[in-house]
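The values are calculated or read from the model by the stated rules, or taken from the named source; none is laboratory data. Everything numeric here is computed off the predicted structure, so don't read it as measured data. Neighbour counts are summed over all protein chains in view; Cβ atoms, including those assigned to glycine, are modelled from backbone coordinates with ideal geometry. Ligands, DNA and RNA are stripped out before the accessible areas are found, and what is left, the full protein with its side chains, is counted by its heavy atoms. Shrake-Rupley method; radii C 1.70, N 1.55, O 1.52, S 1.80 Å.
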Amino acid sequence: MINPPPAIDCARVLHFARVDASVQYHGNTTLYVGGKLQGEVPCLAICKYRDHDEVLLFHCDNNWNAQGVSAHATASEAMARAEQMYDGISKMWIDPKTSEEEAERYLDTIFEGQVCTFCAKRPDQVRQLYGGGRGQICDACIEKFHKLLSEETLPPFGSNDA
């Protein structure tokens, strides 16, 4: 089984665990995904988005694709919650020692070429990225340029004063 990438769903991996035969799944969960109760998964990861205080407990498939997620105040709280669902998982946690910089470099490669032409932010760093082809612009730059244009006095469109 492969180790997780430095980031899952754009959140840096802090700890991960694989569910094996030594772990007993109890199903003590209220995690619903797509209207269905999330069942047992082969991999768990505790992750954190940059600039967010909470940590996330990702329930993943064998390829570390998130199947469900729950939010927690701390990594210890997420681990305790995982132990309630998966008896014995506490001894399985691995610290991948992924730095924020390593996670950011990984995300840069994932989103290569998909950045705002003006501020160089990736899709995971903005609400929306518009365009394609030769250039893209994010919602923040659109708002910034709109504000600049609305404050500037321009001659009427089509006038010869331009």
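Segment GLU104..ASN62, full-extension length gain: 12.8 nm, with 0.36 nm per residue of separation and the alpha-carbon distance subtracted. Calculated accessible area for the chain comes out at 63 Å² per residue, all protein chains present (probe 1.4 Å; ligands, DNA, RNA ignored). Compare SER150, SER90, SER22 in a GNM of the chain, Cα atoms joined below 10 Å, and give the one with the largest fluctuation. The residue that fluctuates most here is SER150.
Radius of gyration (Cα atoms) of the chain, expressed as a multiple of 2.2 N^0.38 Å: 1.42. Name the chymotrypsin sites (Phe, Trp or Tyr not before Pro) in region 114-153 that are in a loop by DSSP and that have at most 15 other C-beta atoms within 10 Å, would you? Sparse-neighbourhood loop chymotrypsin sites (Phe, Trp or Tyr not before Pro): PHE118. Heavy-atom surface analysis with a 1.4 Å probe gives the chain a carbon and sulfur content of 51 percent of its accessible area. Rank ASN62, THR74, CYS10 by how far each Cα sits towards the positive end of the charge dipole of the chain (+1 on Lys, Arg Cβ; -1 on Asp, Glu Cβ) and give me just the farthest. Going by the charge dipole, the pick is ASN62. Is region 9-50 best put as rounded, prolate or oblate by its Cα gyration tensor, with a ≥ b ≥ c the root eigenvalues, rounded for a/c under 1.5, and otherwise prolate when a/b is larger than b/c, oblate when not? Note, shape of region 9-50 comes out oblate. Amide hydrogen proximity for VAL33: with H placed 1.01 Å from N in the peptide plane, the residues at 5 or more positions away or on another chain lying under 5 Å are GLN38.
Shape analysis of region 86-152 yields a ratio of the Cα radius of gyration to the Kirkwood radius, Rg/Rh, of 1.26. Here the translational diffusion coefficient of region 45-129 follows from Stokes-Einstein with Rh set to the Kirkwood radius across Cα pairs; for 20 °C and 1.002 mPa s it amounts to 145 µm²/s. Split the chain at each of the GluC sites (Glu not before Pro) in a DSSP loop with at most 14 other beta carbon atoms within 10 Å, and the longest piece is 55-111. With the highest mean first, a sort of the peptides 41-47, 30-36 on other beta-carbon atoms found within 10 angstrom per residue produces 41-47, 30-36. Simple point charges give the picture: +1 on the Cβ of Lys and Arg, -1 on the Cβ of Asp and Glu, and for region 39-78 a dipole about the Cα centre of about 100 debye. The dipole here belongs to the chain: it is taken about the Cα centre, uses +1 on the Cβ of Lys and Arg and -1 on the Cβ of Asp and Glu, and is about 220 debye.
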